[in-house]
Amino acid sequence: MNHYSILVVDDEKEIRDAIAIYLKNEGMTVIQAKDGIEAVEKLNEQVVHLIILDIMMPKMDGIATTCKIREEKNIPIIILSAKSEDMDKILGLQVGADDYVTKPFNPLELIARVKSQLRRYVTLGTYEGKEAVIHINGLALDTSAKEVTVDGEVVKLTPTEYKIVELLMTNAGRVFSITEIYERVWKEPGFNVENTVAVHIRKIREKIEINPKQPKYVKVVWGIGYKIEK
């Protein structure tokens, strides 16, 4: 399970760090957030496969955060709380949580529940290897509708432009060479394709960037290629 990213949300850093140690020992990537607001921001910036979420937090508690996440995403959520009352458990499950663990918890039990939810999500759920909607700052890619929006406004891209944006956004942070972009998008060997790719990148920037000369999204890595940062 070393390719899964887990978002751990708790206002106590010691608890986040402790959970992170066990998850990392299982080969998982750990993302941390100290409250619900930060958790939602992280979800819009990075790919997350499961969330461990404390109920009692400042700014936005775990129940409100679960409701917010469920407006758009079906990522498994395990609620973590010091409260053991049945009503808290029932409320958490009613608003969309998939499981519930009470503090103090057995780390091995928590890991077992994480693995169980991941298996269910990947094998039996709707997970297809990537989120249906990917958010990077104000840029959003809906892979189901094949649509790109900037700050909520739909951007009219050609099919080829869309494929380039999809390639870069679904692999955010990775640098692709010009030849690699061409071969992945055009599905043919790339020879002397610098101008072709450059023209499409320029057109994409004109459509999604506020200032194409100082791009916020599509970055050039001189001598290597292009990327969209996480």
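The values are calculated or read from the model by the stated rules, or taken from the named source; none is laboratory data. Keep in mind that this is a model prediction, so the values were computed, not measured. Here Cβ is always computed from backbone atoms with ideal geometry, including for glycine, and neighbour counts include all displayed protein chains. We work out accessible area using only protein heavy atoms, side chains counted, and drop any ligands, DNA or RNA first. Shrake-Rupley method; radii C 1.70, N 1.55, O 1.52, S 1.80 Å.
Confirm whether ILE228 is closer than 29 Å to ALA39 by Cα and more than 23 Å from the chain's Cα centre (by Cα). Answer is no for this residue.
State the number of residues belonging to segment 45-76 that are acidic (Asp, Glu), closer than 14 Å to LEU91 by Cα and assigned to a helix (DSSP H, G or I). Before the answer, list the steps.
Going residue by residue through segment 45-76, those that are acidic (Asp, Glu) are 45, 54, 61, 71-72.
Keeping just the survivors that are closer than 14 Å to LEU91 by Cα gives 54, 61.
After this cut, where a residue has to be assigned to a helix (DSSP H, G or I) as well, the list is none.
Number of matching residues: 0.
Here VAL220 meets the list (1) under 23 Å from the mean Cα position of the chain (by Cα); (2) of a type outside the set (Phe, Trp, Tyr); (3) under 20 Å from ASP151 (Cα atoms) almost entirely, failing just condition (3). Of note, VAL220 satisfies the criterion of being more than 18 Å from THR160 (Cβ to Cβ) and either touching a Cys at 6+ places or on another chain (Cβ under 6 Å) or open to solvent by less than 60 Å² (accessible area, probe 1.4 Å) (or both). Once segment 157-194 is narrowed to residues that are more than 24 Å from ASN137 (Cβ to Cβ) and of a type in the set (Phe, Trp, Tyr), the residue that is least open to solvent (accessible area, probe 1.4 Å) is TYR182.
One line per residue, one yes/no per condition, for (1) closer than 17 Å to VAL114 by Cβ; (2) open to solvent by 70 Å² or more (accessible area, probe 1.4 Å):
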position: GLU12; (1), (2): no, yes
position: ALA20; (1), (2): yes, no
position: ASN25; (1), (2): yes, yes
position: ILE52; (1), (2): yes, no
position: CYS67; (1), (2): no, no
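For ALA39, are the conditions met, namely being at pLDDT 90 or above and of a type in the set (A, V, I, L, M)? Let's see the steps before the verdict.
On the way: at pLDDT 90 or above: yes; of a type in the set (A, V, I, L, M): yes.
Yes, satisfied.
The single residue among GLN32, GLN94 that is modelled with pLDDT of 90 or more, open to solvent by 50 Å² or more (accessible area, probe 1.4 Å) and out of contact with any His (no Cβ under 8 Å at 6 or more places or on another chain) turns out to be GLN32.
The strands (runs of 3 or more DSSP E) found entirely in segment 114-224 that carry 2 or more residues being touching a residue at least 60 places away in the same chain (Cβ under 8 Å) are 133-136.
Taking residues in segment 31-53 that are free of Cβ contacts under 8 Å to residues at least 40 places away in the same chain, and partners anywhere that are open to solvent by less than 10 Å² (accessible area, probe 1.4 Å) and of a type in the set (S, T, N, Q), the pairs with Cβ atoms closer than 9 Å and at least 6 places apart or on different chains are ASP35/THR65; GLY36/THR65; GLY36/THR66; ILE37/THR65; ALA39/THR65; VAL40/THR65. Just one residue in the set LYS24, LYS59, LYS42, LYS13 is at positive phi and out of contact with any Phe, Trp or Tyr (no Cβ under 9 Å at 6 or more places or on another chain); that residue is LYS59.
Being within 24 Å of VAL40 (Cα to Cα) and not aromatic (Phe, Trp, Tyr) holds for only one residue in LYS227, LYS163, and it is LYS227. Considering segment 195-217, and only residues there that are within 23 Å of the chain's Cα centre (by Cα) and open to solvent by less than 30 Å² (accessible area, probe 1.4 Å), the residue that is nearest to GLU45 (Cα to Cα) turns out to be TYR217.
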